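Notes to accompany the following structure.
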Number of protein chains: 2
Amino acid sequence: MVAKADGNTLRTQRTRARVLAQSLALFNEVGEAHVTTGTIAAALNMSPGNLYYHFRNKDQIVEELFARFEERIDVQPGAAAAGPAPGNAPWGPAPRNAPWGPEAIEDLWLYLHLMLESIWEYRFLYRNLDDLVARNRRLRERFNRIVDRKHAAVVALCEGLVAARAMRARPDEIQALARNVLVVATYWLNFRALRVRGDAPGDDIGEGAFQVMALVAPYLVGAARAHLDRLGRTYID
Amino acid sequence: MVAKADGNTLRTQRTRARVLAQSLALFNEVGEAHVTTGTIAAALNMSPGNLYYHFRNKDQIVEELFARFEERIDVQPGAAAAGPAPGNAPWGPAPRNAPWGPEAIEDLWLYLHLMLESIWEYRFLYRNLDDLVARNRRLRERFNRIVDRKHAAVVALCEGLVAARAMRARPDEIQALARNVLVVATYWLNFRALRVRGDAPGDDIGEGAFQVMALVAPYLVGAARAHLDRLGRTYID
């Protein structure tokens, strides 16, 4: 049973959610810089006054969207799959004689897909990243914390692969590799948008994951390498 | 001897050059979107009318700067160095028993430095690339032609290294590698600007070249790989 007092709360939450969804759609479509709170209110058939009741200004909308993006992208590798059996943790040491490499590669592939999907969903953040973080220092710091965590996750992932003898790479190579993974993942959609007209999210995400895997591939050995080559061929065909 | 009639031409050229240099400095400093022709004229102690006599509008200034950037960045590998002896062309087939790998690596390193220096010099183009090319289709096409030529140059370079047995990579690996080289080279300075505050051009360019070489490194073999590792260590120390 919903008490009467909660009706307003519910309505408020629904309105806020509608404003955020509409803002995200408009920001992604025409760029955040070209959208005003007036545009958003008009698209929702809402009075500007009503919008201001829910959000002080556009920056508050951007920050709330960023918070949702942050939650969405903060999935950790391993958690990407349904979750491994305790004795078979994909980023810990490899179990004896287990076909460990291919499984880890599938997981990495899925992880990259989810990461690029999050970026695609909130692509307005990435399109004018410099402007956005120049204007808002809090967003800059939060964005950098995301990159820091992703960098650490990729390094841990590679160290897991090295421990499992599925990868051959020195620590300094892993650091440079992780930086390149972050650069390509961060800017792949921008690069595609520059090169190809039109929105083709599925392809762009698949190609992005493929490009990032291509960074990792030459360091893989044995079954992991062979499995990645197979995945890559499936993708190209 | 400069004839009297040429005095005006010379003065016009000088004024245009001053406007372009000032615009480039302002665009790089605060972003092209935040600079108007009024700002540029004021910075030069010039009347807006005089500026308009030389440039119709800001877009014309941007296009002329782009043309200069295009010339600057269009240096080809090999031409980067003083130029090899005819019998020792670095991107053709390797001469028998020549210590070909290390030389090619030095050339590649220099080539990447020059490329990243050009990008740094005209970094305003890269900071809001999406906005810029969305606004101006001609710039979009010209920018894509630059990327196409760079992609072809990197592929040719890798094929040269494979022919010289300094690299081991399949054609599809070379294609994916070339795309990643372009993504990292294009966005490295943006990524650095996001991660670190302040302008440190020298370091950023060196680190960018290092990151791009790290993409190529795992495909190198023998003397070329050893030489790159040495260069990398020099850079890190």
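Odds and ends about this structure:
- Other protein chain Cβ atoms within 10 Å, averaged over every residue that makes up B:170-183: 4
- Pseudo-label separations to other copies for residue B:203 - Cα-to-Cβ vector, 7 Å, nm: 4.1
- Distances between copies of residue B:10, taken at a point 7 Å out from Cα along the Cα→Cβ vector and listed shortest first: 8.3 nm.
- Given their separation in residues at 0.36 nm each and the Cα-Cα distance between them, residue B:203 and residue B:64 gain 47.2 nm when the chain is fully extended.
- Spin-label model distance (nm) - residue A:229 vs residue B:72, 7 Å beyond Cα toward Cβ: 4.3 nm
- Approximating the spin labels as points 7 Å out from Cα along Cα→Cβ, the residue B:159-to-residue A:142 distance works out to 4.8 nm.
- Separation in nanometres of the label points that stand 7 Å from Cα toward Cβ, at residue B:6 and residue A:170: 5.7 nm
- Whole-number percent relative contact order across the range A:1-55, with pairs defined as alpha carbons under 8 Å at least 6 apart: 29 percent
- Cα gyration tensor, the range A:103-154 - rounded (a/c under 1.5), prolate or oblate: oblate
- Inter-chain Cβ neighbour average for residues B:185-194, partner chain, 10 Å: 5
- FRET efficiency, 1/(1 + (r/R0)^6) with R0 41 Å, evaluated for residue B:52 and residue A:151 via beta carbons: 0.25
- Inter-copy separations for residue A:152, label at 7 Å along Cα-Cβ, nm, ascending: 4.6
Computed from the coordinates by the stated procedures, all read-outs in this text should not be read as laboratory data. Keep in mind the model is a prediction, meaning the values are calculated, not measured. Cβ coordinates were reconstructed from backbone atoms using ideal geometry, including for glycine residues, and neighbour counts include every protein chain displayed.
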